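Presented below is the structure to which this report refers.
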Amino acid sequence: MTTPPTRATWALVGAGLVLVLGVTVAGGRGASGLDATVTAWIDGALGGRPALLRSMVLPTEPVVLLPLLAIVVLACALGRRWDGVALAVVGVAVPVALNTWLLKPLFGRTKADYLAYPSGHTVSTVATLTVLVLLARPGTARAVAAGAGAVVVLVAGAGLVGLGYHYPTDVVGGVCLAVAVVPALSSLTRHLAPARSDGSPPAGTSSGSPPAASPR
(Lines give C-alpha, C1' and ligand atoms only; values in the text may rest on other atoms or scores of the structure.)
Protein backbone atom coordinates (compact mmCIF):
# COMPACT_ATOMS: atom_id res chain seq x y z
CA MET A 1 0.00 0.00 0.00
CA THR A 2 1.40 3.39 -0.94
CA THR A 3 2.05 5.98 1.74
CA PRO A 4 0.12 9.28 1.31
CA PRO A 5 2.25 12.39 0.72
CA THR A 6 3.39 14.14 3.88
CA ARG A 7 2.80 17.82 4.54
CA ALA A 8 6.50 18.46 3.90
CA THR A 9 6.15 16.81 0.49
CA TRP A 10 3.17 19.01 -0.41
CA ALA A 11 5.14 22.07 0.69
CA LEU A 12 8.21 21.19 -1.37
CA VAL A 13 6.26 20.25 -4.50
CA GLY A 14 4.06 23.33 -4.30
CA ALA A 15 6.97 25.69 -3.75
CA GLY A 16 8.89 24.12 -6.64
CA LEU A 17 5.96 24.53 -9.02
CA VAL A 18 5.44 28.15 -7.99
CA LEU A 19 9.05 28.94 -8.78
CA VAL A 20 9.17 27.01 -12.07
CA LEU A 21 5.97 28.62 -13.36
CA GLY A 22 7.08 32.00 -12.06
CA VAL A 23 10.36 31.86 -13.92
CA THR A 24 8.50 30.83 -17.07
CA VAL A 25 6.09 33.79 -17.02
CA ALA A 26 8.29 36.37 -15.26
CA GLY A 27 8.01 39.84 -16.78
CA GLY A 28 5.38 38.70 -19.24
CA ARG A 29 2.56 40.91 -20.44
CA GLY A 30 0.64 38.38 -22.50
CA ALA A 31 -0.68 34.85 -22.52
CA SER A 32 1.58 31.86 -23.01
CA GLY A 33 0.60 29.20 -25.52
CA LEU A 34 -0.94 27.09 -22.78
CA ASP A 35 -2.75 30.11 -21.36
CA ALA A 36 -4.22 30.94 -24.77
CA THR A 37 -5.41 27.37 -25.32
CA VAL A 38 -7.11 27.05 -21.93
CA THR A 39 -8.59 30.55 -22.14
CA ALA A 40 -10.05 29.84 -25.57
CA TRP A 41 -11.66 26.66 -24.26
CA ILE A 42 -13.20 28.48 -21.28
CA ASP A 43 -14.40 31.33 -23.49
CA GLY A 44 -15.98 28.84 -25.86
CA ALA A 45 -17.81 27.09 -23.03
CA LEU A 46 -18.74 30.06 -20.85
CA GLY A 47 -18.33 33.14 -23.03
CA GLY A 48 -21.26 35.53 -23.13
CA ARG A 49 -22.44 34.53 -19.65
CA PRO A 50 -21.06 37.26 -17.38
CA ALA A 51 -23.63 36.65 -14.64
CA LEU A 52 -22.64 32.99 -14.44
CA LEU A 53 -18.94 33.85 -14.42
CA ARG A 54 -19.41 36.38 -11.61
CA SER A 55 -21.24 33.79 -9.54
CA MET A 56 -18.39 31.34 -10.15
CA VAL A 57 -15.81 33.71 -8.66
CA LEU A 58 -17.95 34.62 -5.64
CA PRO A 59 -16.12 32.11 -3.37
CA THR A 60 -12.89 34.06 -3.95
CA GLU A 61 -14.32 37.32 -2.57
CA PRO A 62 -13.60 38.63 0.96
CA VAL A 63 -17.35 38.85 1.62
CA VAL A 64 -17.39 35.04 1.58
CA LEU A 65 -13.92 34.14 2.85
CA LEU A 66 -13.75 36.44 5.89
CA PRO A 67 -17.03 35.27 7.49
CA LEU A 68 -16.03 31.67 6.80
CA LEU A 69 -12.70 32.17 8.55
CA ALA A 70 -14.42 33.90 11.45
CA ILE A 71 -16.70 30.87 11.88
CA VAL A 72 -13.68 28.53 11.81
CA VAL A 73 -11.84 30.60 14.43
CA LEU A 74 -14.91 30.72 16.66
CA ALA A 75 -15.55 26.98 16.37
CA CYS A 76 -11.92 26.17 17.16
CA ALA A 77 -11.89 28.57 20.12
CA LEU A 78 -15.08 27.06 21.55
CA GLY A 79 -13.51 23.62 21.20
CA ARG A 80 -10.23 24.87 22.71
CA ARG A 81 -8.41 23.87 19.55
CA TRP A 82 -5.86 26.64 19.81
CA ASP A 83 -3.74 25.12 17.08
CA GLY A 84 -6.78 25.46 14.82
CA VAL A 85 -7.25 29.09 15.79
CA ALA A 86 -3.61 29.80 14.99
CA LEU A 87 -3.76 27.96 11.67
CA ALA A 88 -6.96 29.73 10.59
CA VAL A 89 -5.29 33.09 11.18
CA VAL A 90 -1.73 32.64 9.94
CA GLY A 91 -2.62 29.96 7.38
CA VAL A 92 -4.37 32.57 5.28
CA ALA A 93 -2.60 35.79 6.29
CA VAL A 94 0.93 34.52 5.61
CA PRO A 95 0.46 33.21 2.05
CA VAL A 96 -1.58 36.28 1.08
CA ALA A 97 1.10 38.61 2.45
CA LEU A 98 3.89 36.56 0.87
CA ASN A 99 2.15 36.69 -2.48
CA THR A 100 1.29 40.39 -2.35
CA TRP A 101 4.56 41.79 -1.06
CA LEU A 102 7.15 39.34 -2.39
CA LEU A 103 6.14 37.02 -5.20
CA LYS A 104 4.04 39.31 -7.37
CA PRO A 105 6.71 42.06 -7.47
CA LEU A 106 9.43 39.42 -7.85
CA PHE A 107 7.94 37.76 -10.94
CA GLY A 108 6.46 40.96 -12.35
CA ARG A 109 3.91 39.36 -14.64
CA THR A 110 1.18 41.81 -15.57
CA LYS A 111 -2.29 41.68 -17.02
CA ALA A 112 -4.12 44.93 -17.75
CA ASP A 113 -1.35 46.84 -15.94
CA TYR A 114 -1.66 45.01 -12.60
CA LEU A 115 0.54 42.27 -11.18
CA ALA A 116 -1.15 38.96 -11.89
CA TYR A 117 1.11 36.03 -10.91
CA PRO A 118 0.30 34.26 -8.66
CA SER A 119 -3.42 35.03 -8.52
CA GLY A 120 -4.28 36.69 -5.21
CA HIS A 121 -7.91 35.59 -5.46
CA THR A 122 -6.74 32.01 -5.81
CA VAL A 123 -4.18 32.19 -3.01
CA SER A 124 -6.70 33.43 -0.45
CA THR A 125 -9.36 30.94 -1.55
CA VAL A 126 -7.12 27.87 -1.65
CA ALA A 127 -5.42 28.84 1.62
CA THR A 128 -8.82 29.01 3.32
CA LEU A 129 -9.94 25.69 1.84
CA THR A 130 -6.65 24.04 2.79
CA VAL A 131 -7.10 25.20 6.36
CA LEU A 132 -10.55 23.60 6.38
CA VAL A 133 -9.16 20.34 5.01
CA LEU A 134 -6.37 20.19 7.58
CA LEU A 135 -8.76 20.92 10.45
CA ALA A 136 -11.29 18.31 9.30
CA ARG A 137 -11.37 14.95 11.04
CA PRO A 138 -9.04 12.49 9.23
CA GLY A 139 -10.88 10.00 7.08
CA THR A 140 -14.21 10.60 5.40
CA ALA A 141 -14.65 14.19 6.60
CA ARG A 142 -11.24 15.22 5.32
CA ALA A 143 -11.76 13.45 2.00
CA VAL A 144 -15.12 15.17 1.50
CA ALA A 145 -13.61 18.56 2.39
CA ALA A 146 -10.75 18.02 -0.06
CA GLY A 147 -13.09 16.92 -2.86
CA ALA A 148 -15.49 19.82 -2.35
CA GLY A 149 -12.57 22.23 -2.17
CA ALA A 150 -11.15 20.95 -5.45
CA VAL A 151 -14.49 21.53 -7.18
CA VAL A 152 -14.70 25.08 -5.79
CA VAL A 153 -11.19 25.86 -7.00
CA LEU A 154 -11.83 24.51 -10.50
CA VAL A 155 -15.06 26.47 -10.85
CA ALA A 156 -13.65 29.69 -9.39
CA GLY A 157 -10.47 29.39 -11.46
CA ALA A 158 -12.49 29.05 -14.66
CA GLY A 159 -14.48 32.11 -13.64
CA LEU A 160 -11.36 34.18 -13.00
CA VAL A 161 -10.03 33.30 -16.45
CA GLY A 162 -13.40 33.74 -18.16
CA LEU A 163 -13.82 37.23 -16.71
CA GLY A 164 -10.33 38.17 -17.86
CA TYR A 165 -8.97 38.72 -14.35
CA HIS A 166 -6.15 36.21 -14.69
CA TYR A 167 -4.32 33.86 -17.02
CA PRO A 168 -4.70 30.14 -16.24
CA THR A 169 -1.07 29.93 -15.10
CA ASP A 170 -1.77 32.68 -12.56
CA VAL A 171 -4.46 30.48 -11.06
CA VAL A 172 -2.23 27.40 -11.03
CA GLY A 173 0.53 29.41 -9.36
CA GLY A 174 -1.90 30.60 -6.69
CA VAL A 175 -3.01 27.03 -5.97
CA CYS A 176 0.58 25.83 -5.68
CA LEU A 177 1.56 28.68 -3.37
CA ALA A 178 -1.28 28.03 -0.93
CA VAL A 179 -0.69 24.27 -0.99
CA ALA A 180 3.00 24.87 -0.27
CA VAL A 181 2.63 27.35 2.57
CA VAL A 182 -0.42 26.24 4.58
CA PRO A 183 0.71 22.65 5.34
CA ALA A 184 4.12 23.97 6.39
CA LEU A 185 2.48 26.47 8.71
CA SER A 186 0.22 23.77 10.16
CA SER A 187 3.29 21.89 11.36
CA LEU A 188 4.46 25.03 13.18
CA THR A 189 1.11 25.91 14.73
CA ARG A 190 0.81 22.43 16.22
CA HIS A 191 3.95 23.17 18.24
CA LEU A 192 3.36 26.86 18.98
CA ALA A 193 -0.29 26.42 20.00
CA PRO A 194 -1.07 22.97 21.42
CA ALA A 195 -4.40 21.48 20.47
CA ARG A 196 -5.66 21.61 24.07
CA SER A 197 -4.64 23.76 27.01
CA ASP A 198 -7.50 22.97 29.40
CA GLY A 199 -5.38 21.44 32.11
CA SER A 200 -6.41 17.88 31.30
CA PRO A 201 -4.56 15.32 33.43
CA PRO A 202 -1.95 13.13 31.79
CA ALA A 203 -3.04 9.95 30.12
CA GLY A 204 -3.37 7.05 32.48
CA THR A 205 -4.59 9.12 35.43
CA SER A 206 -7.98 10.43 36.48
CA SER A 207 -6.92 13.53 38.38
CA GLY A 208 -3.31 14.13 37.51
CA SER A 209 -2.02 12.03 40.43
CA PRO A 210 0.32 9.10 39.76
CA PRO A 211 -1.53 5.92 38.79
CA ALA A 212 -1.85 3.25 41.44
CA ALA A 213 0.39 0.22 41.16
CA SER A 214 -1.16 -2.61 39.20
CA PRO A 215 -2.10 -5.69 41.22
CA ARG A 216 0.12 -8.71 40.65
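The values are calculated or read from the model by the stated rules, or taken from the named source; none is laboratory data. Quantities reported herein were computed from a predicted structural model and do not represent experimental measurements. Ideal geometry is used to build each Cβ from the backbone, glycine not excepted, and the neighbour counts take in all protein chains shown.
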Within the stretch 145-171, considering residues that are without any contact (Cβ under 8 Å) to a residue 24 or more places away in the chain and either among the acidic types (Asp, Glu) or loosely packed, with under 15 Cβ neighbours inside 10 Å (or both), the one farthest from Thr60 (Cα to Cα): Gly147
Residues of the stretch 75-117 classified as small (Gly, Ala, Ser), over 16 Å from Leu132 (Cβ atoms) and touching a residue at least 12 places away in the same chain (Cβ under 8 Å), total: 3
Residue tally, condition assigned to a helix (DSSP H, G or I) and farther than 20 Å from Leu103 by Cβ, over the stretch 1-33: 4
Checklist (1) modelled with pLDDT under 95; (2) over 22 Å from Gly173 (Cβ atoms) applied to Tyr114, failing item: (2)
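Conditions tested, residue by residue: (1) over 16 Å from the mean Cα position of the chain (by Cα); (2) farther than 13 Å from Leu160 by Cβ; (3) acidic (Asp, Glu).
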| site | (1), (2), (3) |
| --- | --- |
| Leu68 | no, yes, no |
| Ile71 | yes, yes, no |
| Ala75 | yes, yes, no |
| Gly79 | yes, yes, no |
| Gly91 | no, yes, no |
| Gly108 | yes, yes, no |
| Ala116 | yes, no, no |
| Ser119 | no, no, no |
Output for the stretch 29-52, where each listed residue is farther than 24 Å from Gly108 by Cα and of a type in the set (Lys, Arg): Arg49
The stretch 111-144 - residue that is among the polar types (S, T, N, Q) and under 19 Å from Leu17 (Cα atoms) and, of those, surrounded by the most Cβ atoms within 10 Å (Cβ to Cβ): Ser119
Condition broken by Ser200, with the remaining ones in (1) of a type in the set (S, T, N, Q); (2) under 22 Å from the mean Cα position of the chain (by Cα); (3) modelled with pLDDT under 95 satisfied: (2)
Residue list for the stretch 123-142, restricted to those being of a type outside the set (Gly, Ala, Ser) and within 8 Å of the chain's Cα centre (by Cα): Val123, Thr125, Val126, Thr128, Leu129, Thr130, Val131
Subset of the stretch 17-44 (residues that are within 26 Å of Val181 (Cβ to Cβ), in contact (Cβ under 8 Å) with a residue 60 or more places away in the chain and surrounded by 12 or more Cβ atoms within 10 Å (Cβ to Cβ)): Leu17, Val18, Leu21, Gly22, Thr24, Val25, Ala26, Gly28, Ser32, Leu34, Asp35, Val38
Top-ranked residue in the stretch 43-57 [being touching a helix residue (DSSP H, G or I) at 6+ places or on another chain (Cβ under 6 Å) and at pLDDT 95 or above; ranked as farthest from Tyr165 (Cα to Cα)]: Met56
Gly47 being over 24 Å from Ala184 (Cα atoms), in contact with a strand residue (DSSP E or B) (Cβ under 9 Å, 6 or more places away or on another chain) and surrounded by fewer than 18 Cβ atoms within 10 Å (Cβ to Cβ): no
Subset tally (residues that are charged (D, E, K, R) and either under 24 Å from Leu19 (Cβ atoms) or modelled with pLDDT of 95 or more (or both)) for the stretch 82-107: 1
